[in-house]
Amino acid sequence: MSHAFKIHKQEAAYFLTLQIVYWIDLFSRQCYRDIMTDSLNYCIANKGLNVFSYVIMTNHVHMLANAEDQNLSKILGEMKTYTSKKIIECIFNGPESRREWMLKLFSHAATRHKRNVNFQVWTHENHAEECFSPSFTFQRLKYIHENPVRARIVNHEEDYLYSSALDYSGLKSPVNVAVINLHSLMS
């Protein structure tokens with residue numbers, strides 16, 4: 001069995017990519033971004049998740065993270081299940097102009113896997129890459145922070161609210177990030 005892009009060492013830190021099915025631009029709305037940030041903060045405060053870096057893009061989330069109790073896969077699975085339910089509730093109950101289209105796609109995605117019931121919001125993969133060295137970790141942290149700049153959403157990393165680039169520039173993002181000492185990564 002291949003270990004490529006899977007969490008095979010529960011105690012390690014990973015670069016993760018959580019993506020919305022069909023690359024739907026779900027996080028273009030603040031209500032869905034808030035569900036994600038609230039869930040990350042809950043997992044940090046109550047489940048032992050350490051988030052060292054993150055960015056919430058329109059259709060995916062990147063992060064560098066590990067779990068204190070060596071249960072990263074479990075935490076991510078529970079977080080994706082919870083956020084899926086909250087997102088579907090928000091689509092049904094909120095002023096969502098894309099409601100029918102999104103629910104149709106989320107419903108279709110659910111039919112492709114036995115473990116789904118009505119809707120699938122997230123893909124089942126986490127595209128996990130182990131942070132095996134300081135230089136790789138630094139490279140991935142920069143990749144995460146530069147994502148909104150590459151997407152031409154902002155001109156400067158620290159101008160994007162839903163990114164830990166704020167925390168690394170001395171400000172505060174919506175997620176309680178465990179900032180890494182960048183000097184130790186670059187030496």
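The values are calculated or read from the model by the stated rules, or taken from the named source; none is laboratory data. Every value quoted in this text rests on a predicted model; they were computed, and no experiment measured them. Cβ coordinates were reconstructed from backbone atoms using ideal geometry, including for glycine residues, and neighbour counts include every protein chain displayed.
Observations
- Scope the range 33-58; condition closer than 18 Å to Tyr143 by Cβ and either among the aliphatic types (A, V, I, L, M) or surrounded by 21 or more Cβ atoms within 10 Å (Cβ to Cβ) (or both); matching residues: Val51, Phe52, Ser53, Tyr54, Val55, Ile56, Met57
Quick grid of which residues meet (1) modelled with pLDDT under 95; (2) touching a helix residue (DSSP H, G or I) at 6+ places or on another chain (Cβ under 7 Å); (3) part of a loop (DSSP other than H, G, I, E, B); (4) on the phi < 0 side of the Ramachandran plot:
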| site | (1), (2), (3), (4) |
| --- | --- |
| Ala4 | yes, no, yes, yes |
| Gln19 | no, no, no, yes |
| Asn41 | no, no, no, yes |
| Val61 | no, yes, no, yes |
| Thr83 | no, yes, no, yes |
| Ile87 | no, yes, no, yes |
| Arg112 | yes, no, yes, yes |
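- In the set (1) touching a residue at least 24 places away in the same chain (Cβ under 8 Å); (2) assigned to a loop (DSSP other than H, G, I, E, B), the condition left unmet by Arg140 is number (2).
- Only one of the listed residues (Asn155, Asn126) is among the polar types (S, T, N, Q), more than 23 Å from Asp34 (Cβ to Cβ) and assigned to a loop (DSSP other than H, G, I, E, B). That residue is Asn155.
- Per-region count, the range 59-72, residues buried (at least 16 other Cβ atoms within 10 Å of the Cβ) and over 16 Å from Trp23 (Cα atoms): 7
- Evaluated against (1) under 19 Å from Asn176 (Cα atoms); (2) surrounded by 14 or more Cβ atoms within 10 Å (Cβ to Cβ); (3) not aromatic (Phe, Trp, Tyr), Gln30 falls short on exactly one condition, (2).
- Picking from residues in the range 101-128 that are crowded, with 16+ Cβ neighbours inside 10 Å and of a type in the set (S, T, N, Q), the one that is farthest from the chain's Cα centre (by Cα) is Asn116.
- Given (1) surrounded by fewer than 13 Cβ atoms within 10 Å (Cβ to Cβ); (2) under 19 Å from Ala178 (Cα atoms), index of the condition Cys131 fails: (1)
- Residue within the range 158-170 that is part of a loop (DSSP other than H, G, I, E, B), free of Cβ contacts under 8 Å to residues at least 12 places away in the same chain, over 30 Å from Glu11 (Cβ atoms) and over 19 Å from the mean Cα position of the chain (by Cα) present: yes
- Among (1) more than 24 Å from Lys172 (Cβ to Cβ); (2) part of a helix (DSSP H, G or I); (3) at pLDDT 95 or above, the one test that Lys74 misses: (3)
- Applying the criterion of being assigned to a helix (DSSP H, G or I) and in contact (Cβ under 8 Å) with a residue 12 or more places away in the chain to the residues of the range 89-100, the residue that is surrounded by the fewest Cβ atoms within 10 Å (Cβ to Cβ) is Cys90.
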